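Single-structure report; data block below.
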Amino acid sequence: MCSIIGYSGNEVAAPIIVKGLKRMEYRGYDSVGVATESNNQIELKKGIGKVNEVNSKIQLDTLPGKTGIGHTRWATHGKVTEFNAHPHPSNSGKIAIVHNGIIENFEELKKQLENEGYNFKSETDSEIIANLLQKNYESTKNVKETILKTVSEIKGDYAFVAMFENGQLAAARFHEPLIVGIGQENVFLSSDVLGFIEYTDNVIYMKNRNIIILDKKDFQILDFNGKNTEYEITKVSKEFGDVYKGDYAHFTLKEIYEQPDVILKSGEKTIGDIEKAVDYIKNAKNIYITGSGTSYNSALIAKQILSKYVKIKSEPIISSELQFSPEIIERDSVLIAISQSGESADVLEAVRIAKKLNCKIISIVNLLTSSLVRKSDITLGMNCGPEIGVAATKSFTAQLTILYKIVQKLSNNITIDFEKFAESILKIIENPVKIQKIAKELKNVSDIYILGRGINYPIAIESALKLKELTYIHAEGIPGGELKHGPLALMDSNVFVIIINPNDSTYADTLTSAREIKARGAKIIGVSDIESDLYDYWIEIPKIKEILYPISEIIPIQLLSYYSALEKDTDPDYPRNLAKSVTVK
Ligand code: G6P
């Protein structure tokens, strides 16, 4: 999972590429590199670390020339090393490539090329593309023929950009995103519009099995058979360019604080045809809800609220699991796919399986330009703006708000005052001092357990995910009643337990669990609208309608995870080993 970018135009390429890479760092960030062409020569620099770190060490942005390619890497094939970082030059140094995805037949191709005298410096599957291009270019002497021959030989999912010594760029797309940005005097090729949004909002979303050949700012788009294909130039919303932290220390903090606004925006102005979605749900033979990570946790809450408030049964499915038991899905049903990015490979695969079974797809997505939107019958847009912090925060709230809106439309007696709800959330985040104090206590803790029942159990799981992602502390969500079936054995004075305990039907039982934990000496953080002597620390949440508790519970935990990350000196925006959108299976 990486980001790729290419630039060809009348300005010096390297600084533009570095800026674009910085904005796309959310896609992967263990190493970075840039290659440019000037006077028919390719120059290349790469290193380990984040874009700014590497740039201040080796000045990627000083490379000369008006054509270039760049890459941020999130290691899949081979360790995090300088050799494994992109761009990869071919043996002759006359071609360089950047690649996102996986080349499945790389071992076979590598052997063939090695037998023909090519050597490989990296452990990556990507370097294959560079040498295969060189081999094909030497025999065809033509960029178009070279790309067509190369895509006929590689198998897997990929988007790559190749730069030739004469300054020509070419790219191919198969199941990984590739977007063309068309400026006045320049053309961009990028994994995401964020790579170039400040220069142009005219874009072409490249179709699968398409290639593009650039000659300065002129281009040609062809299919894998070499035939010209139709394409559409569309405009993207400039708001996608709004990716600055402002006065906040981190994107994660900014995104946590945006949540009252998100409730209003997704609550009142969900983008998409909600009436039609509700109609599909009402008439569905079966309803399945799928997602990965945080988005799957939303699916768990969706199941609970649909059954509890409108008596509609649904089945949550972890996207990455569906391929191993596709028989779970009955033909002609409805699949609700939840994804912030709309690019998670696991979610797209789940959708592919469901579509094969003639299911209708309703997606809940933030990035309306994503692959998932194009595969859906109906899309409900989260409308929460770009989420850059790797750990999902405001997108979770947006997903739940849309689900509330669906339930509200399905029911005759549930009315949610989103404005009032947003105000009550504001109260939680206005004064984080207490949460900051608790965060200090968590600094040296090695295990945290989070307990919740009913609708609050998915919040226990989501809390554990936030703590893991942001603080690297081992954290586990437990259904309250299961405590006595195992986890109680782990309770002692070294352990912290967060009790999700709102004043709903689960309250009394969860308080009993707190008593049992307290008796074993563990420290208790109570997240509740009612204070209790059992809690060593009390995080107060507002008294609200039962259905709304999940959002008011997760927001203080997001803050707690954020401040604990600061205490532990980890980077809350870019946790180690993780990427915001995982586009490989
Ligand atoms: C990655 C991210 C998670 C996110 C998950 C699903 O694992 O690190 O934070 O929840 O992907 O992403 P999606 O874009 O499909 O919601």
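Considering only protein heavy atoms, with the full assembly of protein chains and a 1.4 angstrom probe, order L189, L426 by accessible area, largest first.
From most exposed to least exposed: L426, L189.
Ordering R453, R73, R352 from largest to smallest accessible area (1.4 angstrom probe), what's the sequence?
Values: R453 40, R73 5, R352 115 Å².
So, going from the largest accessible area down, we get R352, R453, R73.
Based solely on its DSSP helices, what 222 nm [θ] is calculated for the chain when runs of n ≥ 4 H residues each add -39,500 (n - 2.57) and the sum is averaged over all residues, nearest 500 deg cm²/dmol?
On the way: 18 runs with 206 residues, N = 585.
It comes out at -11000 deg cm²/dmol, rounded to the nearest 500.
Can you list residues from other chains, or at least 5 along the same chain, whose modelled amide H is less than 5 Å from the amide H of G272?
Here G381 satisfy the definition.
Per residue of the range 128-133, in order, report the coupling 6.51 cos²θ - 1.76 cosθ + 1.60 (Karplus, θ = phi - 60°) as ³J(HN,Hα) in whole Hz, putting x for Gly and Pro.
Karplus values, whole Hz, x for Gly and Pro: 3, 4, 4, 6, 5, 4.
Where does each of 552-562, 570-580 land if you order them by average Cβ count within 10 Å, highest first?
Ranked from most to least packed, the peptides come out as 552-562, 570-580.
Residue-wise, which Karplus ³J(HN,Hα) couplings in Hz belong to the range 66-82, taking 6.51 cos²θ - 1.76 cosθ + 1.60, θ = phi - 60°, and x for glycine or proline?
Working through the residues one at a time gives 9, 10, x, 9, x, 7, 10, 10, 10, 4, 10, 9, x, 5, 7, 9, 5 Hz.
Rounded to the nearest 10 Å², what accessible area does H99 show when all protein chains are kept and the probe is 1.4 Å?
Ignoring ligands and nucleic acids, H99 comes out at about 0 Å².
Would you check the accessible area of D279, probe 1.4 Å, heavy atoms only, in square angstrom rounded to 10?
For D279, solvent-accessible area is about 80 Å².
Can you compute 3J(HN,Hα) from phi for each residue in the range 273-286, using the Karplus curve 6.51 cos²θ - 1.76 cosθ + 1.60 with θ = phi - 60°, rounded to whole Hz and x for Gly and Pro?
Ordered by residue, 3J(HN,Hα) equals 8, 5, 4, 5, 4, 5, 4, 4, 5, 4, 9, 6, 5, 9 Hz.
Sorted by accessible area (1.4 Å probe), largest first, how do K409, K235, K110 line up? Provide the component values of the computation, followed by the final result.
Values: K409 85, K235 140, K110 45 Å².
Greatest to least solvent exposure: K235, K409, K110.
Using Stokes-Einstein with the Kirkwood hydrodynamic radius over Cα pairs, what translational diffusion coefficient do you get for the range 430-570 at 37 °C and a viscosity of 0.692 mPa s, in µm²/s rounded to a whole number?
My calculation gives 225 µm²/s for D.
Which of the aspartates and glutamates could be linked to K282 by a straight reach, that is with a Cα gap under 17 Å, when you skip same-chain ones fewer than 8 residues away?
Cα-Cα hits under 17 Å: D273, E315, E330, D332, D377.
Under 5 Å between amide hydrogens, which residues at least 5 positions from N105 or on another chain qualify, with H placed 1.01 Å from N in the peptide plane?
Residues meeting the criterion, in which the H sits 1.01 Å from N, are K155.
Mind checking the angle between helix 394-410 and the chain's longest principal axis? C-alpha axes, 0 to 90 degrees, to the nearest 10.
60
Below 17 Å, Cα to Cα, which lysines can K468 reach? Residues fewer than 8 away in the same chain don't count.
Partners within reach: K440, K443, K568, K580.
Which of the peptides 175-186, 360-371, 493-504, 427-438 is most tightly packed, and how do the rest follow, judged by the mean count of other Cβ atoms within 10 Å per residue? Could the numbers behind the result be given before it?
On the way: 175-186: 20.1, 360-371: 24.2, 493-504: 22.1, 427-438: 15.0.
Descending packing order for the listed peptides: 360-371, 493-504, 175-186, 427-438.
Using only the Cα atoms, what convex hull volume per residue in Å³ does the range 267-306 have?
Convex hull volume per residue, Cα atoms: 92 Å³.
Could you work out the Rg to Rh ratio of the range 245-416, with Rh taken as the Kirkwood radius (inverse of the mean 1/r over all Cα pairs)?
0.96
Per residue and in Å³, how big is the convex hull formed by the alpha-carbon atoms of the range 25-130?
89
Helix 345-356: angle to the longest alpha-carbon principal axis of the chain, degrees 0 to 90, nearest 10?
With both axes taken from Cα atoms, the answer is about 90 degrees.
Using alpha carbons only, what's the Rg to Rh ratio of the chain with Rh from Kirkwood? Spell out each step's value before the answer.
On the way: Rg = 25.1 Å, Rh = 25.0 Å.
Rg/Rh for the chain comes to 1.00.
How do the peptides 30-39, 393-402, 474-483 rank, highest first, by the average count of neighbouring beta carbon atoms within 10 Å per residue?
For the peptides 30-39, 393-402, 474-483, the packing ranking is 393-402, 30-39, 474-483.
Tilt of helix 259-269 relative to the longest C-alpha principal axis of the chain, in degrees (0 to 90, nearest 10)?
The angle comes out at about 80 degrees.
Would you pull out the residues with amide H under 5 Å of I317's amide H, same chain only if 5 or more places away, H placed 1.01 Å from N?
Under 5 Å from the amide H of I317: I289, T290, G291.
Using Cα pairs under 8 angstrom and six or more residues apart, how large is the relative contact order of the range 348-420, in percent?
Numbers: 62 pairs, mean separation 14.7, N = 73.
Across the range 348-420, relative contact order equals 20 percent.
The values are calculated or read from the model by the stated rules, or taken from the named source; none is laboratory data. Note that this is a predicted model, so its numbers are computed, not measured. Using ideal geometry, Cβ is built from the backbone for each residue, glycine included, and neighbour counts are taken over all protein chains shown. For the accessible areas, the whole protein counts, side chains as well, though only heavy atoms, and no ligand, DNA or RNA atoms are used. Shrake-Rupley method; radii C 1.70, N 1.55, O 1.52, S 1.80 Å.
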